[in-house]
Amino acid sequence: MLVVKSLVPGGPVSDESKLQPGDILVNINGKLITRFPDLESLLDDAAGQSVELELLRGGEMMKVEAQVQDLHAITPDEYLEMGESIFNNFSYQQARNNNLPCHPNAAGTYVAQAGHMLRQAGISVGSLILSVGKTPTPNVRALEAALASCPDGAQVPIRYMHVSNRHQSAMTMLRVDRRWHSMNRVVRDRSSPFSSDWVSSASPTPPFSSYSIDESSAADAGRSAAEAAMLGRHPTPERKGKVRTRFAPGSNDAEKAISPSLVQVHFSMPYMIDGTAGAEFKGTGLVVDTEKGLVVVDRNTVPCSLGDVNISFGSSLHVPGRVCFIHPLHNIAVLAYDPKSVGETPVKAAKLCTDEDMTHDKKGTKVTLVGLSGGLRGGTQLSSQEAKVADSIRNITGFSHPPRFQDCNLDTLNLNGVSPTSQQDGAVVDGDGRVLAFWGSFSMQSPVTLGE
C-alpha cells in the first residue's frame, strides 16, 4: 500500500481536510492503486484535472477531491542573469526539500548562483530575494522590473531570506552592477514539447547611462573623461542635511593622532585575472591627501585595477572609489574617492615622516602599530599594539610559484612586541603621531599553498 509521507505547503492537497501524513491511499477515481508506477501513470493522464482520492485514515475510509498540478507549470522555465548571478523562480523540488510553499507569489526569487554583485552584498546561494526596496519580487519577472529601474552603481535595500531558515529574513544594501556584466532574461522555448532551446533577451536599459559623460562636461568639473565616467557610475548620493560621521576617539595618543586618517578598503573583482588568490579583498588604507581624496593601500588589498572599490570612513560612511595607480615594483596601490562624498566628516591626511627622519638609526624607538579590524557589515574597530623597533633591514622576499608580483628594494622595520602571525594591518606611528612605516601584507604562493 502507498502511504502519505509529507505535504508541500501551499500545494493543492496541503489542507488537512484533504491529505495528512499517515493517510493510506486506496483508490484513485475508483481504481485500486498499490504501486508507484500505477500512481504516476494515472496522475500523468490527469494533469491539470481533478481526481477523487479514497483514503484510509484512523481506520475510517474517506473520499476527497484533489487537483493534479502540471509539473511543467511549476518547474522554472526562465532565469535572470545579472552581476554574474543567476536567479530563477522557486521550484517545486526546492519547495519540497525545504518545506516551503510552492505556488505563484508564495515566496521570493531563488538565487541559483551568487556572483560578483551578490558576493559584495553577502547574499549566498539558496537565498530568496523577497523585495527590492518596497517592491516585492516573488518571481523572475518582478525582480527584473525592480532591478531594471535602478541605475548602474546605485545602492538599493534588499530583503532576503535563506531557504534553510524560513522564519528569519534580513536586509542588506545591494550595489547594482550593469558595468561588468549585462542583464539578460533567458526563457525556454516551449513551442514544442521536445524543444530544449533557450532564448536570451536583453533586459530594459537603466534610467540613465553612466558612460554618457562627454569630455566637455568632464573638463568643466576639472576631471578627465575617465575619472568623470567612474564618478558618474557611482554618483554621490543626494542626502538631506549634512553628511558627517565620526571616527573612533582612540584610547591613546597614537590612536587619537592617526584615527581620522585610517579607512577600511573593500575591493571586489568581477573576474579573477593575473593569478589572483580570490575575488574579495579587505584591508586598511591610509589617507594621504584630503583635497584630492587619495588613499594608500597594499597590493594584497588591491591586487589589480579591475574591480570595484568601497572605502569605509568611521565604519558608518561607505563611499565608492577607484584605482589610480598600482606600483609595478612595490607593495603599494593608490586609490581615489570624491572628497565631496564625505561631506563634513573630519578626515585628516596622515602626517608622514620625512627622508631625514628615516636617516637616523631607529633601533629602540618606541612606536605603536595602529590599524582597523572588523568588516563592512559589522563595523570597524580601532586597535593598537605598542612595540619597539628592533632594527631596520632590507627585506628580500622569495620567488613564488607560479610567478607573480614580488616586491624588491624594500626597507623594513622589525618590531619587538608584535606577534608575527597578527592579521592586523595599518600604520606604524611614532611618539609625535607621524607615520614611520605602512604595515601591509603580501600575497605569497607556492605550488600547494597560498598565504599572506
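Values in this text are rule-based calculations from the coordinates and carry no lab data. What you see is a predicted model, and the numbers here were worked out from it, not measured in a lab. All Cβ positions, even for glycine, are placed from backbone atoms using ideal geometry, and neighbour counts span all protein chains on display.
So if we plug the beta-carbon distance of residue 32 and residue 149 into 1/(1 + (r/R0)^6) with R0 = 60 Å, what FRET efficiency do we get, rounded to 0.05?
Here the calculated transfer efficiency is 0.60.
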Exercise for the section: Go through the stretch 264-275 residue by residue and turn each phi into a ³J(HN,Hα) via Karplus (6.51, -1.76, 1.60, θ = phi - 60°); whole Hz please, and just put x for glycine and proline. Expected result: 9, 10, 10, 10, 10, 9, x, 9, 8, 10, 6, x
Practice task
With r as the distance between the Cβ atoms of residue 280 and residue 316 and R0 = 25 Å, compute the FRET efficiency 1/(1 + (r/R0)^6) and round to 0.05.
Solution key: 0.75
Exercise for the section: Subtract the Cα-Cα distance of residue 40 and residue 388 from 0.36 nm times their separation in residues, and report this length gain in nm to one decimal. Expected result: 117.6 nm
Fill in the blank from the handout: With a 28 Å threshold on alpha-carbon distance, the violating pairs from 134/348; 282/348; 340/388; 134/282; 292/388; 351/388 are 134/348; 340/388; 134/282; 292/388
Handout entry: Two-site FRET efficiency, residue 60 against residue 170, from Cβ-Cβ distance with R₀ of 41 Å, rounded to 0.05
Key = 0.35
Handout entry: Gained length - residue 273 relative to residue 93, 0.36 nm times residue gap less alpha-carbon distance
Key = 61.2 nm
Fill in the blank from the handout: Straight-line reach check, residue 18, cutoff 17 Å on alpha carbons, 8 or more apart in-chain or any other chain, hits among lysines -> 5, 63
Exercise for the section: Pull out the extension gain between residue 205 and residue 135, defined as 0.36 nm times the separation in residues minus the alpha carbon to alpha carbon distance; nm, one decimal. Expected result: 23.3 nm
